[in-house]
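Peer 1: Let me begin by handing over the structure; questions about it come next.
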Amino acid sequence: MKRLRIGIIGLGRIADSHLAAYREIDTVEVVAGAEINPERLHEITRRWGISGYAQHDEMLIKEDVDIVVILTPPRVHREIIEMVAARGIDILCEKPIAIALEDAERIISVCNRTGVKFYYGSSYRSLPACIKAKEMIDEGLLGDIYLMLEVYVGGEGIDGWNDLGPHHYPIGGPGGGGMGLVDHGIHMADIFRWFSGSEVIRVFGKGNYSGEKPATEYLTMIFKSGAVGQLVYNEVTHPAIMPYEGIFSLGASWGVKGELLPGGKWDHQPGSLYIHGEKGALRIFHYANKLFFFGRDRQEQVPILDRSNPGHFGLQMEAFVNSIVHGTEPPVTGIDGLKALQIILAAYESYETNSVVAIPDIA
């Protein structure tokens, strides 16, 4: 099989991780990238040996690519996707799919109309610890799922906090920091649906707004199955983690300021998820690449695939290539991206209306 040619639009910090992962797989070749920041464009194209363009429309005209990977801020996803889809090129797009539901719906519509395959970049589904956890859940080892939980409380105080601001999210609208509800929690809105195999039917929550003083964010998701998903975030305080509560990380992760933290070191505040069921529970250290099972008379570390961050971006791309080659639907679709966005935006509606918000079903 010939290697599929990739063009990347948006060469910010996350691009290095994608480029490193794609270089390790033999089904694709990154040939070009587009970036409006000239210094960043020069740095990335020189370091990775790819063609560079200041404008993505020029890249689309001059380069013969099979896949476009979109790593830009979500506020411009729709206009870029419409342009790429019009040229019949398959798309992998980072989260969130958009910042408004109507834009997400338009993205799905235009890809369906043009016959373009669209892979929603829910990268947590490709983290090896999460893949293994999903396998164990589907095998029935946890029984019915009762509770899924993520808590992140930390940072460097209000003075050390970075608002993603107008570059990513328009001022006054849903936004905040990199470990907040919109930019990070949207991963959980998707992966909790995936773990439970059930849809969210009701939401109660509160999120931060772009350009405004941040506060504690929270989201309670009630699933059709009866399971509960709970998120609690505050990235503008200080962690109260004891030294022995950390873990030796086998994979890289991201810090509160969006910086990439290398793997192979002690992580004093590793990201983790809790999944509790009637027969057992899981502690998933998704970036540290470790998984633990707890059951009656059984506690053990579970062996998992050794392709930690940034290798999971390679797993994600391999899954997309497989769907392209075999003519099947991508494992994660635009509908998944729309549903995740729908859940997050419902948290804002919940706070503004002081109510529990029902989530309408999307086929």
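Peer 1: Would you point out the residue of the range 51-72, among those that are assigned to a loop (DSSP other than H, G, I, E, B) and in contact with a Leu (Cβ under 8 Å, 6 or more places away or on another chain), that is surrounded by the fewest Cβ atoms within 10 Å (Cβ to Cβ)? First the steps, then the outcome.
Peer 2: Kept after step one, since they are assigned to a loop (DSSP other than H, G, I, E, B), are these residues of the range 51-72: 54-55, 63-66, 71-72.
Going one step further and asking which of them are in contact with a Leu (Cβ under 8 Å, 6 or more places away or on another chain), we end up with 54, 66, 71.
Values: A54: 12, D66: 17, L71: 20.
Looking at the filtered set, the residue picked out is A54.
Peer 1: Also, quick follow-up: Looking only at residues that are of a type in the set (V, I, T) and touching a helix residue (DSSP H, G or I) at 6+ places or on another chain (Cβ under 6 Å) in the range 90-136, which one is surrounded by the fewest Cβ atoms within 10 Å (Cβ to Cβ)? Explain how you work it out, then say what you get.
Peer 2: We begin by selecting, within the range 90-136, every residue of a type in the set (V, I, T); these are 91, 97, 99, 107-108, 110, 114, 116, 131.
Those still in the list that are touching a helix residue (DSSP H, G or I) at 6+ places or on another chain (Cβ under 6 Å) too: 91, 97, 99, 107-108, 110, 114, 116.
Values: I91: 25, I97: 30, I99: 23, I107: 25, I108: 21, V110: 19, T114: 15, V116: 18.
My answer is T114.
Peer 1: Moving to a separate point now. Step by step: first the residues of the range 86-106, then only those that are closer than 24 Å to L315 by Cα and either among the small types (G, A, S) or in a helix (DSSP H, G or I) (or both), then the one that is farthest from the chain's Cα centre (by Cα). Which residue is that? Spell out the reasoning first.
Peer 2: Pass one, the range 86-106, residues closer than 24 Å to L315 by Cα: 88-98.
From what's left, either among the small types (G, A, S) or in a helix (DSSP H, G or I) (or both): 88, 98.
Values: G88: 25, A98: 13 Å.
So the residue we want is G88.
Peer 1: Return the only residue of L341, L305 being in contact with a helix residue (DSSP H, G or I) (Cβ under 8 Å, 6 or more places away or on another chain), at negative phi and exposed (fewer than 15 other Cβ atoms within 10 Å of the Cβ).
Peer 2: Values: L341 fails: exposed (fewer than 15 other Cβ atoms within 10 Å of the Cβ).
The conditions single out L305.
Peer 1: Of the conditions (1) in contact with a strand residue (DSSP E or B) (Cβ under 6 Å, 6 or more places away or on another chain); (2) more than 16 Å from P128 (Cβ to Cβ); (3) surrounded by 14 or more Cβ atoms within 10 Å (Cβ to Cβ), K257 clears all except one; give me its number.
Peer 2: Going through (1) in contact with a strand residue (DSSP E or B) (Cβ under 6 Å, 6 or more places away or on another chain); (2) more than 16 Å from P128 (Cβ to Cβ); (3) surrounded by 14 or more Cβ atoms within 10 Å (Cβ to Cβ) one by one, K257 breaks only (1).
Peer 1: Looking at G251, is it surrounded by 15 or more Cβ atoms within 10 Å (Cβ to Cβ) and small (G, A, S)?
Peer 2: Working: surrounded by 15 or more Cβ atoms within 10 Å (Cβ to Cβ): yes; small (G, A, S): yes.
Yes: the conditions hold for G251.
Peer 1: Looking at (1) buried (at least 17 other Cβ atoms within 10 Å of the Cβ); (2) more than 23 Å from K290 (Cβ to Cβ), can you tell me which one K224 breaks?
Peer 2: Failing condition for K224: (1).
Peer 1: Filtering the range 107-148 down to residues that are of a type in the set (S, T, N, Q) and part of a helix (DSSP H, G or I), which residue is farthest from D267 (Cα to Cα)?
Peer 2: First, the residues of the range 107-148 that are of a type in the set (S, T, N, Q): 109, 112, 114, 122-123, 126.
Still in the running and part of a helix (DSSP H, G or I): 109, 112, 114, 123, 126.
Numbers: S109: 42, N112: 43, T114: 45, S123: 21, S126: 21 Å.
Per the criteria, the residue is T114.
Peer 1: Between V236, V203, V151, V232, which is farther than 21 Å from I359 by Cβ and not in a loop (DSSP other than H, G, I, E, B)? Don't jump to the end; show me each part of the working.
Peer 2: Details: V236 fails: not in a loop (DSSP other than H, G, I, E, B); V203 fails: farther than 21 Å from I359 by Cβ; V232 fails: farther than 21 Å from I359 by Cβ.
Every option except V151 fails the conditions.
Peer 1: If you go through the range 3-49, how many residues are free of Cβ contacts under 8 Å to residues at least 40 places away in the same chain and closer than 24 Å to K95 by Cβ? Give the steps one after another, and end with the answer.
Peer 2: Within the range 3-49, the subset free of Cβ contacts under 8 Å to residues at least 40 places away in the same chain is 3, 19, 23, 26, 29-49.
Filter once more, keeping what is closer than 24 Å to K95 by Cβ: 19, 23, 30, 32-37, 40-41, 44, 48.
Summing the residues that are free of Cβ contacts under 8 Å to residues at least 40 places away in the same chain and closer than 24 Å to K95 by Cβ in the range 3-49 gives 13.
Peer 1: Related question: State yes or no: is A32 outside any loop (DSSP other than H, G, I, E, B) and either within 30 Å of I191 (Cβ to Cβ) or outside the structural domain of G185 (by TED's automatic domain parsing) (or both)?
Peer 2: Numbers: outside any loop (DSSP other than H, G, I, E, B): yes; either within 30 Å of I191 (Cβ to Cβ) or outside the structural domain of G185 (by TED's automatic domain parsing) (or both): yes.
It is true that A32 is outside any loop (DSSP other than H, G, I, E, B) and either within 30 Å of I191 (Cβ to Cβ) or outside the structural domain of G185 (by TED's automatic domain parsing) (or both).
Peer 1: Kindly provide the set of residues from the range 154-175 that are over 21 Å from S272 (Cβ atoms) and not in a helix (DSSP H, G or I), ordered by number. Don't jump to the end; show me each part of the working.
Peer 2: As a first pass, look at the range 154-175 and keep what is over 21 Å from S272 (Cβ atoms): 157-175.
G157, W161, N162, D163, L164, Y169, P170, I171, G172, G173, P174, G175, listed by residue number.
Peer 1: Residues that are basic (K, R) and either within 23 Å of the chain's Cα centre (by Cα) or crowded, with 20+ Cβ neighbours inside 10 Å (or both): does the range 292-301 have at least one?
Peer 2: Residues of the range 292-301 that are basic (K, R), as a first pass: 296, 298.
Add one more test, that the residue is either within 23 Å of the chain's Cα centre (by Cα) or crowded, with 20+ Cβ neighbours inside 10 Å (or both), and what stays is none.
Taking every residue of the range 292-301 in turn, none turns out to be basic (K, R) and either within 23 Å of the chain's Cα centre (by Cα) or crowded, with 20+ Cβ neighbours inside 10 Å (or both).
Peer 1: If I ask for residues that are part of a loop (DSSP other than H, G, I, E, B) and within 30 Å of M136 (Cα to Cα), which ones from the range 206-229 would you list? Reasoning before the result, please.
Peer 2: Going residue by residue through the range 206-229, those that are part of a loop (DSSP other than H, G, I, E, B) are 207-208, 210-216, 224-227.
Selection gives K224, S225, G226, A227.
Peer 1: Oh, and also: Can you name the residue in the range 36-50 that is part of a loop (DSSP other than H, G, I, E, B) and within 26 Å of the chain's Cα centre (by Cα) and, of all such residues, is nearest to R5 (Cα to Cα)? It would help to see each step written out before you state the result.
Peer 2: Applying the first criterion (part of a loop (DSSP other than H, G, I, E, B)) to the range 36-50 yields 36-37, 49-50.
Within this subset, residues satisfying the condition of being within 26 Å of the chain's Cα centre (by Cα) are 36-37, 50.
Details: I36: 21, N37: 23, I50: 11 Å.
Looking at residues that are part of a loop (DSSP other than H, G, I, E, B) and within 26 Å of the chain's Cα centre (by Cα), I get I50.
Peer 1: Go through (1) under 23 Å from the mean Cα position of the chain (by Cα); (2) outside any helix (DSSP H, G or I); (3) not assigned by TED's automatic domain parsing to the domain that holds K95 one by one and return the number of the condition T328 breaks.
Peer 2: (3)
The values are calculated or read from the model by the stated rules, or taken from the named source; none is laboratory data. Bear in mind the structure is a predicted one, so any value in this text is a computation, not a measurement. Glycine also receives a Cβ, built like all others from the backbone with ideal geometry; neighbour counts cover every protein chain displayed.
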